[in-house]
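Student: To start, I am sharing the structure in question, which I have written as structure tokens.
Taken together, the values in this text are just the output of simple stated rules run on the coordinates, not laboratory data. Fair warning: this is a prediction, and the values are worked out from it, not measured in the lab. Here the Cβ is made from the backbone with ideal geometry for all residues, glycine too, and neighbour counts use every protein chain on show.
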Amino acid sequence: MADPTPVIDLIEAFRRSKTMFTALSLGVFDQLAAGPREGPDIATATRTDPDTCARLLDACVALGLLARQGAAYANSATAQAYLFRGSPSTLAGYIQYSNDVLYPLWGNLEDAIREGTHRWKQTYGLDGPLFSHFYRTPESRREFLLGMHGFGLLSSPAVVAAFDLTRFTRLVDLGGGTGHLPVSAAARYEGMQVAVFDLPAVIGNAREFTAGSRVELIEGDFFIDPLPSADLYALGRILHDWSEPKIRTLLTKIHAALPAGGGLLIAEKLLADDLAGPVHAHMQSLNMLVCTEGRERSLAQYTRLLTEAGFGEVSGRVTGAPLDAVLAIKS
Ligand code: SAM
């Protein structure tokens, strides 16, 4: 008989995710950041029922997110680093966004597959341009950007190190969000000028995240406004948001704005060229289906789009970080 383990594992996978989302959303990992506490004390602090709170805490122990210390619970090292909101490496933003926004959108995945479109209207009644959904309130904008930031911090040092970018003098990160990629580039390439270009509302948030760095902040819309001059543009998790016609428009515009020898650095999760994996990239591609117009692609698929836009040389690197890197050069 075939092994049922993968099926049983997947039946349970969303329960494990939702358990972590719930503990984070209730503030369990924040309550334990300063040290171990007993169950009833955590229930009081999180305003939850003591019996069901203990059930949640024990489940988190089983998942390796908490540890038992006598009658008390403590954050595991992983929870302290990634689930406590005050940690510099926190992923709490992305987890909260997954709980509040993505989880309901994924509830309508069958209809997304049937109709081939995102689920904002079906799930939330929202029409209109894509980022007006992500940014429907200042709080939802900050939550989304915090989510991008956590994964960005894990990826950008590897993305800017994937190629030797020493020859470039000015990097503009288009749709750069909180600026983690330019911050990483500035740290690695001493003489490089670096900038974030993003929608005006986002530049307000970027100011907070780049305080004390030498990142220039530029407001604009990359589909409408002229691009600020640069010999290296970056697109981090931008191409996977948009339909192919919009990608063509953007890549052609970037190619036209670059000097000869200029580059475009792309940070995305790469699918294998035979589309056989990795699982994380396929999950991200379905995630893009429920919440954007886009999808994930392989290096071969990016190379086709980039060469059609006029780029000469295209190289890709799997970084081992959540995002991989592609560099395209204008001949
Ligand atoms: N590059 C950042 C990162 O990797 O963390 C952010 C990625 S996020 C998925 C997409 C970004 O594109 C957001 O910061 C969003 O505000 C920005 N964006 C969306 N539409 C834009 C437009 N028309 N012009 C400029 N930026 C835009």
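Student: Net charge within 15 Å of ALA54 by Cβ-Cβ distance, Lys/Arg positive one each and Asp/Glu negative one each, not counting ALA54 itself?
Tutor: Result for the neighbourhood of ALA54: -1.
Student: Starting from the Cα gyration tensor of segment 5-82, take the square roots of the eigenvalues, sort them a ≥ b ≥ c, and report rounded, prolate or oblate (rounded when a/c is under 1.5, otherwise prolate if a/b is larger than b/c, else oblate).
Tutor: prolate
Student: Name the long-range amide H neighbours of LEU271: under 5 Å, sequence gap of 5 or more, or other chain; modelled H, no Pro or chain starts.
Tutor: Amide H neighbours of LEU271, under 5 Å, 5+ apart: ARG297, SER298, LEU299.
Student: In whole Hz and in residue order, list the ³J(HN,Hα) couplings for segment 25-33 that follow from phi through the Karplus curve 6.51 cos²θ - 1.76 cosθ + 1.60, θ = phi - 60°; x for Gly and Pro.
Tutor: Result, ordered by residue: 4, 6, x, 4, 6, 5, 5, 9, 5 Hz.
Student: Continuing with the same structure: Cα convex hull of segment 51-90: how many Å³ per residue?
Tutor: 67 Å³
Student: Now, a different point. Calculated FRET efficiency, ALA33 and GLU12, Cβ-Cβ r, R0 22 Å, to nearest 0.05?
Tutor: Once rounded, the FRET efficiency stands at 0.20.
Student: Using the Cα centre as the reference, give the magnitude of the dipole from point charges on the C-beta atoms of segment 5-82 (Lys, Arg: +1; Asp, Glu: -1; all else neutral), rounded to the nearest 20 debye.
Tutor: Roughly 100 debye for segment 5-82.
Student: With a ≥ b ≥ c taken as the square roots of the eigenvalues of the C-alpha gyration tensor of segment 1-153, please select rounded if a/c is under 1.5 and otherwise prolate if a/b is larger than b/c or oblate if it is not?
Tutor: Oblate.
Student: Can you tell me how segment 162-273 classifies by the Cα gyration tensor, rounded, prolate or oblate, using a/c under 1.5 as the rounded cut?
Tutor: rounded
Student: Extent of the chain along each principal axis, from alpha carbon coordinates, in Å, largest to smallest?
Tutor: Principal-axis extents of the chain (Cα, largest first): 66, 52, 40 Å.
Student: Given Cβ point charges of +1 (Lys, Arg) and -1 (Asp, Glu) and nothing else, what value in debye, to the nearest 20, does the dipole of the chain about its Cα centre take?
Tutor: Once rounded to the nearest 20, the dipole reads 300 debye.
Student: ³J(HN,Hα) across segment 193-206 via Karplus (A = 6.51, B = -1.76, C = 1.60, θ = phi - 60°), whole Hz, x for Gly/Pro?
Tutor: With the stated coefficients, segment 193-206 comes to 7, 9, 8, 9, 10, 7, 4, x, 4, 6, 4, x, 5, 4 Hz.
Student: Of all DSSP beta bridges located in the chain, what percent are antiparallel, nearest 5?
Tutor: Of all bridge pairs located within the chain, approximately 45 percent are antiparallel.
Student: In whole Å, how far is the Cα centre of segment 89-126 from that of segment 252-331?
Tutor: Computed from Cα coordinates, the inter-centre distance equals 23 Å.
Student: Just to check I understand the Karplus step: with θ = phi - 60° and J = 6.51 cos²θ - 1.76 cosθ + 1.60, what whole-Hz values come out for segment 159-169, glycine and proline as x?
Tutor: Per-residue couplings from phi come out as 5, 6, 8, 5, 9, 7, 9, 4, 6, 7, 9 Hz.
Student: Right, something else. So, by mean Cβ neighbours within 10 angstrom, what's the order for 43-51, 155-163 with the highest one leading?
Tutor: In descending order of packing, they fall as 155-163, 43-51.
Student: With a 10 Å cut-off between alpha carbons and a GNM built on the chain, which of ARG304, ARG114, ARG167 moves the most?
Tutor: ARG114
Student: Near the amide H of GLU38, under 5 Å away, which other amide H atoms are found, from residues 5 or more places off or on another chain, if H is placed in the peptide plane?
Tutor: Close amide H contacts, sequence-distant or interchain: TYR73.
Student: Under 25 Å between alpha carbons, and skipping anything fewer than 8 positions from LYS269 in its own chain: which lysines qualify?
Tutor: LYS18, LYS246, LYS253, LYS330
Student: Label points 7 Å out from Cα along the Cβ direction at GLU244 and SER213: separation in nm?
Tutor: Between GLU244 and SER213, the label points sit 3.4 nm apart.
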